[in-house]
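Single-structure report; data block below.
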Amino acid sequence: MTKDCVNTRPTAEEQVAILQQQLAHAQKLTALGELASTTTHEFNNVLMTIINYAKMGMRHKDDATRDKSFQKILAAGERAAKITNAVLGVARNRSDSFEPTDLRGIINESLVLLERELRKYRISVESQLASVPPANAIGNQIQQILLNLLINARQAMPDGGQVLIKLEYDSANDMIDLTVRDTGSGIPPDKLRRIFDPFFSTKKGPDTSGKGGTGLGLSACRNIIETHRGRIRVESKVGVGTAFTIKLPTYKKPTVTAPTVRSSSASAASHQPDAA
Ligand SMILES: Nc1ncnc2c1ncn2[C@@H]1O[C@H](COP(=O)(O)OP(=O)(O)OP(=O)(O)O)[C@@H](O)[C@H]1O
Ligand SMILES: [Mg+2]
C-alpha cells in the first residue's frame with residue numbers, strides 16, 4: 001500500500017518569512033539587553049552615590065556635612081526615580097499601537113538613560129528641540145531607535161566629542177525631522193552602503209560598557225521606520241562625523257464619518273472596507 005506523501009518542507013518564501021520573524025525577535029532581544037545594561041549601570045552609579053553620602057553623614061556629625069549628604073542623597077534618589085520613569089516609559093508604551101507621540105519627551109527620557117554613560121566617555125550633548133506637532137508613532141520603538149543612534153554615536157567617538165540632537169518640523173512635507181549628529185570617526189563610502197544590513201558590524205563585539213557588535217541596531221531602526229512610513233537618511237564624512245536623520249509623519253486625527261445606514265438589501269460584498 002502506498003502512503004500519501006505530503007510535502008511539509010517550507011517553501012523558499014515561507015523560509016524567508018520565518019527568518020524575518022527570527023531576525024525581528026533577535027533585534028528586540030538586543031534592544032532589551034542594551035536597555036537592561038544601560039539601566040543597571042546607571043542605577044548602580046546612583047546607589048554608590050547614596051551609599052557613600054550616607055556613610056559620610058554618619059561619620060561626620062556636624063550640620064554642614066549632614067546637610068550636604070542629605071542633599072546629595074536626595075538628588076541621587078530623584079535621579080533614580082527619573083531612570084525608572086524612563087524605563088517604565090518603555091514598558092508603558094509596549095502596545096503596538098500608533099498614537100500621538102511627543103518626541104521631545106522621548107528624547108529627554110532617552111538622554112536620562114544615557115547621560116552618565118555619555119559623560120563617562122567625555123561626550124557632550126546639545127539638544128536643539130523645536131516645538132513640533134505630535135508624531136504618529138509607537139513611542140517605545142522611537143526610543144529604541146534613539147538609544148541605538150546615541151550608542152552608535154558614542155562608540156564612534158572613543159576619545160570624546162559632541163552629539164547634537166535636533167528636532168524640527170518640515171512643513172513642506174508635513175513631517176517631523178529628528179537628527180542625531182556626532183563628531184566621530186565617520187563611515188567610509190564602501191561601508192556606508194551596508195550599515196543597514198542585518199549583522200553588518202565593524203565592531204569587535206561588546207565594548208567596556210557591554211554594548212555593540214551584533215550589527216542589528218541599524219537594521220532594527222530601518223524596520224521600525226518602515227512600519228512608521230517614515231524615512232531614515234545618513235550623511236557621513238570620514239574624520240568629521242555622521243548624521244542620521246529620521247523623518248516621521250505627524251499625527252492626524254481620524255476623520256469622523258457619518259454612520260452609514262445600510263438598507264437590508266445591501267450585499268456584504270459592496271461594503272468591504274478599503275484595503276490599507
Ligand atoms: N554614528 C556612527 N559613526 C560611525 N559609524 C557608525 C555609526 N553608526 C553606525 N556605524 C557603523 O555602522 C555599523 C552598523 O551599525 P549597527 O548599529 O547596525 O550595528 P553595531 O553598532 O555594530 O552593533 P549593535 O547591534 O550592537 O548596534 C557599525 O558597526 C559601524 O561601523
Ligand atoms: Mg549599534
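For region 92-205, the helices (runs of 4 or more DSSP H) that sit wholly inside it and include 2 or more residues that are away from ligand 2 (no atom under 16 Å from the Cβ) and either within 20 Å of the chain's Cα centre (by Cα) or at pLDDT below 90 (or both) are 103-120, 139-155.
Look at (1) away from ligand 1 (no atom under 12 Å from the Cβ); (2) closer than 28 Å to Leu29 by Cα and you find that Ala172 fails only one, number (2). Scanning region 11-24 for residues that are modelled with pLDDT of 85 or more and either not in a helix (DSSP H, G or I) or not charged (D, E, K, R) (or both) yields Thr11, Ala12, Gln15, Val16, Ala17, Ile18, Leu19, Gln20, Gln21, Gln22, Leu23. Among the residues of region 211-227, are any surrounded by fewer than 17 Cβ atoms within 10 Å (Cβ to Cβ), within 8 Å of ligand 1 (Cβ to nearest atom), of a type outside the set (S, T, N, Q) and not in a strand (DSSP E or B)? Within region 211-227, one or more residues are surrounded by fewer than 17 Cβ atoms within 10 Å (Cβ to Cβ), within 8 Å of ligand 1 (Cβ to nearest atom), of a type outside the set (S, T, N, Q) and not in a strand (DSSP E or B).
Of Leu129, Leu178, Leu147, all but one fail to be crowded, with 18+ Cβ neighbours inside 10 Å, touching a residue at least 12 places away in the same chain (Cβ under 8 Å) and in contact with a strand residue (DSSP E or B) (Cβ under 6 Å, 6 or more places away or on another chain); the exception is Leu178. For region 206-216, a tally of residues being away from ligand 2 (no atom under 11 Å from the Cβ) and either at pLDDT 95 or above or touching a Phe, Trp or Tyr at 6+ places or on another chain (Cβ under 8 Å) (or both) returns 0.
The values are calculated or read from the model by the stated rules, or taken from the named source; none is laboratory data. Owing to the predicted nature of the structure, the values given are computational and were not obtained by experimental measurement. Because the Cβ atoms are built from the backbone with ideal geometry, glycine has one as well, and the counts that use them run over all protein chains shown.
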